[in-house]
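Below: the structure, in structure tokens.
The values are calculated or read from the model by the stated rules, or taken from the named source; none is laboratory data. A quick note: this is a predicted structure, and the numbers were derived from the prediction, not measured. Glycine also receives a Cβ, built like all others from the backbone with ideal geometry; neighbour counts cover every protein chain displayed. Protein only, heavy atoms only, side chains kept; ligands, DNA and RNA dropped before computing areas. Shrake-Rupley method; radii C 1.70, N 1.55, O 1.52, S 1.80 Å.
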Amino acid sequence: MNISYKKVSDHLKIFMVQEPDTNDFESLIKIYNETKPVKKVFLDLKNCFYIQSKNIAQLIAFKKTLSKDNVPLILLNLKESVIQVLEITNLLPQFTIQKDYSSYTADELIEAFFDPEIADEVSDFISQNYCEEYKEKLFDALKSEDPVLLEYAIITLGKVHEYDIEELIPQFMNFEVANVQKAAILVAGWLGIYSLKEKIYDFLKSEFIDVAEAAAASISLLSDESDSDKLKDLLESKDERIRKIAAKALSLINDDKSYQFLKNSISKESNESVRAVMVKSLSLFNKPDVADLLIALLKDNSEVVREAAAASLSRINAVGKIDKIMEFCQDKDEMVSFFAIKALGSICKDINCADKLMHIYPGSSTRIKAAIIEALGNIGIDVSDFLYQALDEENEDLRKEALNSLFMINKKMAVTSSKELILKDKSWVVRFKATEILEGEPIESVRDIFKSALDKESNRYVKEKLISLVGDI
Amino acid sequence: MIDIQEKNGKTVVYLKGEINAQTGLELKNKVLEIFKTKNFAALSFKGVVYMNSSGLREIIDLLKQSRRDKKELALCEMSKDIRDMFAFTGLDKVFKIHDSESAALG
């Protein structure tokens, strides 16, 4: 027998050879029978470069043998060539496939840093199982000139808080490749190497935005009361990306000075996407006047900023400002109303909000009506009758939103309505939503409806959805 | 600020409000206390609205001490904004961050 195995508690792990033949595959069942009882079998194919198609049948037979005992088979560490064989034979979906880095030697793990598909996983594995051997290999990798190897070795040593790397960090900050610089700067922040903070400031001017961002982030992590003063100048940088980074860094430092700097900059900032980042950054300060500032920004000239303000009001759950936000719901500027309604929908759980929104619904534009219907679903007060009436709206998007909101607050009524709409509604968008709602119901209660709908359905998307559901039946 | 519950034999620490220097230190000490008798703890950030770099530093220090003592720390249920802070500082690579509590509890 060429293949090896080990059993740990109820788990059997079998290691397949490089070029397995019929005898090797036959021995799988023998090993299993000899090691019973087993709850899970792992077949490690890390060293196996190819499986002949005639051996696939033996693999299936092994899986069947295990299935009879309710023992799952998991294939580990498949090479691309083996995956291709399983794909060609349409057998890939039949197997559970996983990676298991514990089968890798330390050298193989370091080598895997060059594989972009698994490099991050390998780094995580090493950090979770960090030991002297891995430490030695990672420090060996630091002697390389290869930027990929250096980047992953630095990051991995940073993840495990390996302080022996501290004295090497400055040299990697000066390395000619940006990714290595970035890794070294981030690790300096993670390890709390305060002596490097001044040096990190130089990288805020880097032509590589990732490096500048890493520098701002690490300065925030290493910050004291003097750093917001230094970072504020970046809020006036010519580069809009730097202004965004500065806003994020100041919100992370989160002291009184940072708050004032950000507040002052919003009014001066002309770029709407930077202003939106500043609005979000401002909302990360736990200050009493933030909600009022955000409410005022609902009237900003830019829709991007209004949206950021509405989202931020939701995030800080500004329940104390509901009355103020309600005042904006009927603003003459439709988009101000739109974002105020959205904010209200996510903050308010009160009947008064629902009443106010239902009151302004008649005569509103389609966009506002849609926002109101969505908000009513989020508020969660039972306004089923109102939403039921909205199912008769001429506009298909309103009917779809009404059905969705109805489902959120009165599932029974939404299911009953869906059973009608899936057959009768003239819009496929609504019929699709109805199908989605009915999908969650017990099969026996919707089987006939799905079949009838499928007979009548002409829209491709609804038809495909129904076929998949009827197929499941 | 901190609520501790046992879920299927695993400890979940629910954080609320703001994580700053003071509350971060409190959190760190609580979890290190838990680690005297347990090997795993999940921190749920569902109720966290604000966090600053001082709070983040305490959580980094908690992870460092957990690793040293061979304890497992999982983070979960972060809002997008809080997760963005971890991503900004690259700490999303350092911590095990799960979308849901059930994923964190495995």
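Quick test for you: out of B:ARG83, B:ARG67, pick the one residue that is of a type in the set (Lys, Arg) and facing chain A (nearest Cβ under 7 Å).
Result: B:ARG67 is the single residue among B:ARG83, B:ARG67 that is of a type in the set (Lys, Arg) and facing chain A (nearest Cβ under 7 Å).
What pairs can you find where one residue is in the range B:30-51 and away from every other protein chain (no Cβ under 14 Å) and more than 25 Å from A:LEU282 (Cα to Cα), the other is among the hydroxyl-bearing types (Ser, Thr, Tyr) and part of a helix (DSSP H, G or I), and their Cβ atoms are less than 7 Å apart, with a gap of 6+ or different chains?
From the range B:30-51, the pairs are B:PHE35/B:SER66.
With B:ARG57, B:ARG83, B:ARG67 as the choices, which residue is outside any strand (DSSP E or B), in contact with a strand residue (DSSP E or B) (Cβ under 9 Å, 6 or more places away or on another chain), in contact (Cβ under 8 Å) with a residue 12 or more places away in the chain and open to solvent by 10 Å² or more (accessible area, probe 1.4 Å)?
Answer to the selection: B:ARG83.
Can you confirm whether A:LEU250 is within 14 Å of chain B (Cβ to nearest Cβ), of a type outside the set (D, E, K, R) and closer than 21 Å to A:VAL305 by Cα?
In short, yes.
How many residues are more than 12 Å from chain B (Cβ to nearest Cβ) and surrounded by fewer than 17 Cβ atoms within 10 Å (Cβ to Cβ) when one looks only at the range A:186-227?
Total satisfying the criteria: 10.
I'd like to verify a number: residues in the range B:86-96 that are touching a strand residue (DSSP E or B) at 6+ places or on another chain (Cβ under 6 Å) and open to solvent by less than 30 Å² (accessible area, probe 1.4 Å), how many?
Number satisfying all stated conditions: 1.
Output the number of the condition that A:LYS248 fails; it satisfies all remaining conditions of (1) crowded, with 18+ Cβ neighbours inside 10 Å; (2) in contact with a Leu (Cβ under 8 Å, 6 or more places away or on another chain).
(2)
Of the numbered conditions (1) in a helix (DSSP H, G or I); (2) surrounded by 15 or more Cβ atoms within 10 Å (Cβ to Cβ); (3) more than 14 Å from every other protein chain (Cβ to nearest Cβ), A:LEU294 fails exactly one; give the number of that condition.
Checking A:LEU294 against (1) in a helix (DSSP H, G or I); (2) surrounded by 15 or more Cβ atoms within 10 Å (Cβ to Cβ); (3) more than 14 Å from every other protein chain (Cβ to nearest Cβ), the one that fails is (3).
What pairs come out if I take residues in the range A:53-73 that are closer than 15 Å to A:ASN90 by Cα and pair them with residues that are of a type outside the set (Ser, Thr, Tyr) and at pLDDT below 95 whose C-beta lies under 6 Å away, six or more apart or interchain?
Pairs that qualify, where the first residue is closer than 15 Å to A:ASN90 by Cα and the partner is of a type outside the set (Ser, Thr, Tyr) and at pLDDT below 95, are A:ASN55/A:PHE25.
Which of the residues that make up the range A:107-149 are under 25 Å from A:GLU167 (Cβ atoms), within 14 Å of chain B (Cβ to nearest Cβ) and crowded, with 16+ Cβ neighbours inside 10 Å?
Scanning the range A:107-149 gives A:PHE113, A:SER123, A:ILE126, A:SER127, A:TYR130, A:TYR134, A:LYS135.
Could you please tell me which pairs satisfy a Cβ distance under 7 Å, a separation of 6+ or placement on different chains, a first residue in the range A:450-469 that is over 14 Å from A:LYS426 (Cα atoms), and a second residue that is surrounded by 13 or more Cβ atoms within 10 Å (Cβ to Cβ) and acidic (Asp, Glu)?
A:LYS463/A:GLU457; A:LEU466/A:GLU457; A:LEU469/A:GLU439
Report whether or not A:LYS159 is closer than 27 Å to B:ASN52 by Cα, within 11 Å of chain B (Cβ to nearest Cβ) and of a type in the set (Lys, Arg).
Considered against the rule, which asks whether it is closer than 27 Å to B:ASN52 by Cα, within 11 Å of chain B (Cβ to nearest Cβ) and of a type in the set (Lys, Arg), A:LYS159 comes out as yes.
Kindly list the number of the only condition in (1) crowded, with 18+ Cβ neighbours inside 10 Å; (2) closer than 26 Å to A:ILE443 by Cβ; (3) of a type outside the set (A, V, I, L, M, F, W, C); (4) outside the structural domain of A:GLU439 (by TED's automatic domain parsing) that fails for A:ASP425.
Looking at each condition in turn, A:ASP425 falls short on (4).
Just wondering, is there one or more residues in the range A:264-275 that are within 14 Å of chain B (Cβ to nearest Cβ) and either open to solvent by 20 Å² or more (accessible area, probe 1.4 Å) or not in a loop (DSSP other than H, G, I, E, B) (or both)?
no
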